[in-house]
Amino acid sequence: MAAALAVALVKNYVPTWAEDHIHYVDGGREVQLYLDKSTGTGFQTRGSYLFGHFSMHMKLVGGDSAGTVTAFYLSSQNSEHDEIDFEFLGNRSGEPYILQTNVFSGGKGDREQRIYLWFDPTKDYHSYSVLWNLYMIAFFVDETPIRVFKNSKDLGVRYPFNQPMKLYSSLWNADDWATRGGREKTDWSRAPFVASYRGFHVDGCEASAEARYCATQGARWWDQPEFQDLDADQYRRLAWVRATHTIYNYCDDRDRYPTMSPECHRDRDA
């Protein structure tokens, strides 16, 4: 995959809301998002993209972060939207962070998977990235794959392939659900909460004007055979994550989904 380039935030991103809660460091190469009782904040790419590799280096809110959510995600703009999510659910001090991933296609989500990270994401920066092409959506943490969502159009499952998406990062209060199902509330005496971002990397087909151009190229590096599936070593690492760090997978939730979603059968082939 292409190496991430350290570029200033202002080159590719704009504030989404509450710009006064965004602090720029090192000429904009590092950004700190602040959450207090009045508001959170976020930023987004100027353009929209259809397929590519997207990554962000993040250092999460330290200490007692219960009730907060730090996010890095792609999303399209219409009602039947597509979305690819990293959501980091805050914790009480001493408890591990939960990373929740989700995929929306044609407005349908409810595909949550949750893992515990194998390191403390508040101490140092770590890389979180998405590889998105016509064949799969792969989620990575520091180059370790943690999830694959394959194109299962042949099984009747809609796949994000024709709606350009913007890239978003945000920090907000979600204490109605984020920590222990909303039982743990945000302790505002610890505000402001701070999440830090750097290494802003976008290597995608900009499709703000013409999405069909990106869908028909086939010559991009992410379309090549070696990126159409994980390799054997990546599958071994994915199996390790599933066996030792996964705490929830919608594919296994029979109470919520008595009938397994079609893509889950393919997912189990991994």
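The numbers here are math on the coordinates, done by the rules we state, and not lab data. On a predicted model such as this, the values are computed, not experimentally measured, just so you know. Cβ placement follows ideal geometry from the backbone for every residue including glycine, while neighbour counts extend to all protein chains displayed.
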What length, rounded to one decimal in nm, is gained on full extension from Ser189 through to Val25, with 0.36 nm per residue of separation minus their alpha-carbon distance? 56.5 nm
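Could you please report the charge total around Ala191, scoring K, R as +1 and D, E as -1 over all other residues with beta-carbon less than 13 angstrom from its beta-carbon? Let's see the in-between values first.
Details: positive: Lys37, Lys185, Arg190; negative: Asp36, Asp64, Asp175, Asp187.
Overall, the nearby charge balance is -1.
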For a Förster distance of 22 Å, can you work out the FRET efficiency between the beta-carbons of Thr246 and Leu134, rounded to the nearest 0.05? 0.25
Filtered pair list for the chain (Lys only, Cα < 29 Å, 8 or more apart or interchain) has a length of 19
Along the dipole axis of the chain (charges at Cβ: +1 for Lys and Arg, -1 for Asp and Glu; origin at the Cα centre), the most positive-end residue among Ala191, Trp177, Met136 is Trp177
Using a 10 Å cut-off on Cβ atoms, rank the peptides 76-82, 161-167 from the highest mean neighbour count down. 161-167, 76-82
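Loop only per DSSP, at most 12 neighbouring Cβ atoms within 10 Å: give me the GluC sites (Glu not before Pro) in the stretch 105-209, ordered by residue number. Intermediate results must be reported in sequence, preceding the final value.
Values: sites: Glu112, Glu143, Glu184, Glu206; in loops: Glu112, Glu143, Glu184.
For GluC sites (Glu not before Pro) across the stretch 105-209 that sit outside H, G, I, E and B with at most 12 neighbouring Cβ atoms in 10 Å, the list reads Glu143.
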Multiplying the sequence separation of Asp253 and Tyr235 by 0.36 nm and subtracting their Cα-Cα distance, what value in nm do you get? 4.2 nm
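Tell me, in nm to one decimal, what length is gained between Glu95 and Asp154 on full extension, where the rule is 0.36 nm per residue of separation less the Cα-Cα distance? Could the numbers behind the result be given before it?
Details: separation 59, 0.36 × 59 = 21.24 nm, distance 4.13 nm.
Length difference between fully extended and current span is 17.1 nm.
Roughly how many debye, to the nearest 20, is the charge dipole of the chain about its Cα centre, given +1 on each Lys and Arg Cβ, -1 on each Asp and Glu Cβ, and no other charges? Please report the intermediate quantities before stating the final value.
Details: 29 positive and 37 negative charges, 28 e Å.
For the chain, the charge dipole is close to 140 debye.
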